[in-house]
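Colleague: Have a look at this one.
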Amino acid sequence: MTYIQIKPGAEVTMRILDTLPVKQVYHWVDGRSIMCTGTGCIYCRQGKKPKIRYTYNVEIDGQVYKWEFGTKILRQLMSYAEEPKERQGALITVRRLGTGLQTQYVITSFRRAGNVTTSSNSKHASTSAEDVRHRTQSEAISEFVEDALKILNDLEGTLLAIKRILEGEVSNES
């Protein structure tokens, strides 16, 4: 099955087919992912922090794909529908912001599949407007800025630690 890839700046609308995502724990080693074996994992013992990814089967334009995402997207999904059964069948729109290591994914709309009503006069189904929540562009930008600030704070701490180490080495040589 093909994995979906969202191009920078693009939005993709998809229907979630599964109740629960499949959780995958792996290490990034020599440019490729290797599954973590858990207790006794050689890469964990070497201090390589495992990455956690999740996968849903999704439908886009009648085709089924695998969609892999991280914990940030899982938290966004949970903010729309805490119960996994509420996510199955949901129609969501995902936008990709940035490129490379600065890539962020944001769910811009979420429509639950469960609250579909039919009119006695009509054979077609309709979804209540209350079941659709759109994340505004300003909310998405705020989340992106918040995440960027966290990364910068982490980087600042790392640089200060390196500076202290280097200063210690310089003073030890004197």
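Colleague: How about the stretch 1-26: which of its residues are among the charged types (D, E, K, R), closer than 16 Å to residue 95 by Cα and part of a strand (DSSP E or B)?
Modeller: Of all residues in the stretch 1-26, those among the charged types (D, E, K, R) come to 7, 11, 15, 18, 23.
Next, from what is left, pick out any that are closer than 16 Å to residue 95 by Cα: 7, 11, 15.
Residues satisfying the conditions are 11, 15.
Colleague: Also, quick follow-up: Identify the single condition in (1) more than 21 Å from the chain's Cα centre (by Cα); (2) closer than 30 Å to residue 87 by Cβ; (3) hydroxyl-bearing (Ser, Thr, Tyr) that residue 33 does not satisfy, given that it satisfies every other one.
Modeller: Status for residue 33: all satisfied but (1).
Colleague: Within the stretch 31-55, which residues are assigned to a strand (DSSP E or B) and among the hydroxyl-bearing types (Ser, Thr, Tyr)? Give the steps one after another, and end with the answer.
Modeller: Step one: of the stretch 31-55, the residues assigned to a strand (DSSP E or B) are 32-35, 51-55.
Selection gives 33, 54, 55.
Colleague: Let me ask something additional. Would it be correct to say that residue 104 is within 10 Å of the chain's Cα centre (by Cα) and over 14 Å from residue 13 (Cα atoms)?
Modeller: Numbers: within 10 Å of the chain's Cα centre (by Cα): yes; over 14 Å from residue 13 (Cα atoms): yes.
Here the answer is yes, as residue 104 does meet what is asked.
Colleague: Follow-up. Of the numbered conditions (1) acidic (Asp, Glu); (2) surrounded by 13 or more Cβ atoms within 10 Å (Cβ to Cβ); (3) more than 17 Å from the chain's Cα centre (by Cα), residue 61 fails exactly one; give the number of that condition.
Modeller: Only one criterion is unmet by residue 61, namely (2).
Colleague: Would you point out the residue of the stretch 1-37, among those that are among the basic types (Lys, Arg) and touching a residue at least 40 places away in the same chain (Cβ under 8 Å), that is surrounded by the fewest Cβ atoms within 10 Å (Cβ to Cβ)?
Modeller: First pass over the stretch 1-37, keeping only residues among the basic types (Lys, Arg): 7, 15, 23, 32.
When the remaining residues are screened for being touching a residue at least 40 places away in the same chain (Cβ under 8 Å), the result is 7, 15.
Details: 7: 9, 15: 17.
Only one residue fits best here, namely 7.
Any read-out appearing in this document is the output of simple, stated calculations on the displayed coordinates, not a laboratory observation. No experiment lies behind these values; they were computed from the predicted model shown. All Cβ positions, even for glycine, are placed from backbone atoms using ideal geometry, and neighbour counts span all protein chains on display.
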